[in-house]
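Quick notes on the structure that follows.
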Amino acid sequence: MKPLVLLDTPALYYRAFYSVPDSIVNADGHPVNAVRGVLDTIAQMVRRFDTDRVIATMDADWRPAFRTAIMPEYKAARVKDEEAGTEIPPELAVQLPIMNRVLTAAGIPIAEVAGTEADDVIATMAAQSKTPVIIVSPDRDLLALLDSSAEVSVLRPRKGGEWEALAQTDLPTAYGVPDGARYRELAALRGDPSDGLPGAPGIGEKTAATLLENFGSLESIVKAAKAGVKTGGLSPKRAATIIEVEESLYKTLEVMRCLTDVEHGIDLDRVPNSFDRAGVEAAAEGQNIRRSVDNLTSALESVSGTAGAASAQSAAPGSTATASPPSKSAESAESTVRNGTDGSWAQSRLVGFDLETTGIEPATARIVTAAFVDSADQVRTWLADPGIEIPESARAVHGITTEFAQANGAAATQVISELCAEFAALREEGAVVVGHNVVYDLSVMAAEVARHRPDIDFPSIIPTIVDTFVVDKHIYPYRKGKRTLIETAKTYRVELLDAHDAAADALAALDISRALAEKSTEISAMSNDEIMAAQADWKRSQAAGLQAWLRKKGTAEAVVDGSWPMS
């Protein structure tokens, strides 16, 4: 069974409300930024983890009585409406029913339990789940749920569209504590003024981690302070502070403890609910959220298989591709250009392509995820078990851990076979495959084919390729700044929803290719054969220019490979 994604929905819609521009409004003139942000986040998660098993947890009571009975000041500073006792701004409140209607129609259960917060529902479901759980939340408090006895991870949004994935094994490096229980004690010492949790004055996160490392637990720290211990980071001043706030610390610890036995009424094994396309359309009517709704719909369909593409479910064991790539004896390895195509490449079927891998060296990198994208609602994705450890540097980019890939990915040989089948089918059709710096992706593919399917002649199945990196550099050779996908997307005002997600990157490259075609009628008029030959020339020229520049700057032995479309 696929992993279960638990959304800390209140934290996510607040984050979207304050970070997504509110310039887009619905037919009633109300902003829909929170709705758009949440829907886009869910689509990212569905694609990222190749699962439609998503639950949106909610706060039935954001200041539960059982917590305010322990600490009356809990979240008291957040109350916006004293009479109603709510923290929700009216501009946000009007968006929540819209969001709930879309989620319900899309088959995403909404879970809230009277008298509890979303955290309590999440903790209960995480404890009950028989499959890996990914908690999506910006709230650090949920790191307290990380435990070696359960396969739970927390995915936190960071700046620049990046995500930080944390499992129990990451806590020692990230926070200096061994597990979720100790993290909760660290958080109690550190405090959280926004929640009305005072902590121990003068003791920050690093000091708290040091004390816990040296004494083992909050209880032991308190005992040491009372015993007059002056080692292990426990100075007389700190000891006095801890003794003074002892009662408050234990109350904070109790307030932060999540319930794990709430009656949420959802059968986790039967998630998701049925998808109601007509209901989704009705919920989106007049709300000006069409792009986000289409994005979510395509993501859900791509992993559930309802989009009709066999490869959409390729991360599931046993899935097969429908086209057979030729063997080395079937066609000459010298042919990398599809011949006989009429019209221009820009008038052909354009398909975005991207890989996320284990490293930056094509010869040794292994595929982790892959995507072919026709549009926001036509996406085919793969998740592979690369067969090797995913380095931390790679995981920091795409957020996929070795454990997750091993548990949920298809065998590398199966994924490579299906990707080759897709390439062969696209070549046969005369389609154009688009990518950004696609020489890297195709070089990785070539190495993986040689590794897992040496019987396949990969160069012979490559269709017409458009590399937005090469074409952009040819059109604007002197533009300053980086030419990464993120920066190039900004240049052409292309929306990149989740950088380093294979489907999102492929879609962005696809949109950039259309923008490039509009910029140059000469280039857009080229045939498939002509654009391939031109890019090979441009790449050689660009490489020669960069090599000359590097040598001029003092790197006398610099060599820049001008091979294209593969190195």
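A quick yes/no check of all residues on (1) basic (Lys, Arg); (2) crowded, with 21+ Cβ neighbours inside 10 Å; (3) farther than 30 Å from residue 404 by Cα:
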position	(1), (2), (3)
162	no, no, no
174	no, no, no
220	no, no, yes
228	no, no, yes
257	yes, no, no
265	no, no, no
278	no, no, yes
281	no, no, yes
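Filtered by the rule that a residue be of a type in the set (Ser, Thr, Tyr) and surrounded by fewer than 21 Cβ atoms within 10 Å (Cβ to Cβ), segment 176-199 gives a lone residue, 194. The helices (runs of 4 or more DSSP H) found wholly in segment 5-101 and carrying at least 3 residues that are free of Cβ contacts under 8 Å to residues at least 40 places away in the same chain occupy 9-19.
Summed over segment 548-567, residues that are within 38 Å of the chain's Cα centre (by Cα) and among the acidic types (Asp, Glu) total 1.
Please work out which residue is nearest to residue 62 (Cα to Cα), limiting yourself to segment 132-161 and to residues that are modelled with pLDDT of 95 or more and out of contact with any helix residue (DSSP H, G or I) (no Cβ under 7 Å at 6 or more places or on another chain). The selected residue is 155.
Condition first: in a helix (DSSP H, G or I) and touching a residue at least 24 places away in the same chain (Cβ under 8 Å). Can you find one or more residues in segment 265-275 that meet it? Yes, segment 265-275 has at least one match. Restricting segment 52-75 to residues that are farther than 30 Å from residue 301 by Cβ and among the hydroxyl-bearing types (Ser, Thr, Tyr), the residue that is nearest to the chain's Cα centre (by Cα) is 74. If we only count helices (runs of 4 or more DSSP H) wholly inside segment 425-542, which ones have 3 or more residues that are within 23 Å of the chain's Cα centre (by Cα)? Qualifying helices (runs of 4 or more DSSP H): 438-452, 485-491, 502-519. Quick check on segment 372-380. Is at least one of its residues out of contact with any strand residue (DSSP E or B) (no Cβ under 7 Å at 6 or more places or on another chain) and under 14 Å from residue 458 (Cβ atoms)? No. Among the residues of segment 1-59, the ones that are buried (at least 19 other Cβ atoms within 10 Å of the Cβ), of a type in the set (Asp, Glu) and over 11 Å from residue 136 (Cβ atoms) come to 4 in all.
Being surrounded by fewer than 19 Cβ atoms within 10 Å (Cβ to Cβ) and in contact with a Ser or Thr (Cβ under 6 Å, 6 or more places away or on another chain) holds for only one residue in 454, 459, and it is 459.
For residue 230, the conditions (1) modelled with pLDDT of 95 or more; (2) assigned to a loop (DSSP other than H, G, I, E, B); (3) over 28 Å from the mean Cα position of the chain (by Cα) all hold with the exception of (1). Return yes or no: is residue 316 modelled with pLDDT under 80, of a type outside the set (S, T, N, Q) and within 26 Å of residue 294 (Cα to Cα)? Spelling it out, residue 316 is indeed modelled with pLDDT under 80, of a type outside the set (S, T, N, Q) and within 26 Å of residue 294 (Cα to Cα).
Against the definition (part of a loop (DSSP other than H, G, I, E, B), at positive phi and either within 29 Å of the chain's Cα centre (by Cα) or surrounded by fewer than 13 Cβ atoms within 10 Å (Cβ to Cβ) (or both)), how does residue 202 come out, yes or no? Taking the combined requirement at face value, the residue satisfies it.
The values are calculated or read from the model by the stated rules, or taken from the named source; none is laboratory data. What you see is a predicted model, and the numbers here were worked out from it, not measured in a lab. Heads up, the Cβs are rebuilt from the backbone with ideal geometry, glycines too, and the neighbour counts pull from every protein chain shown.
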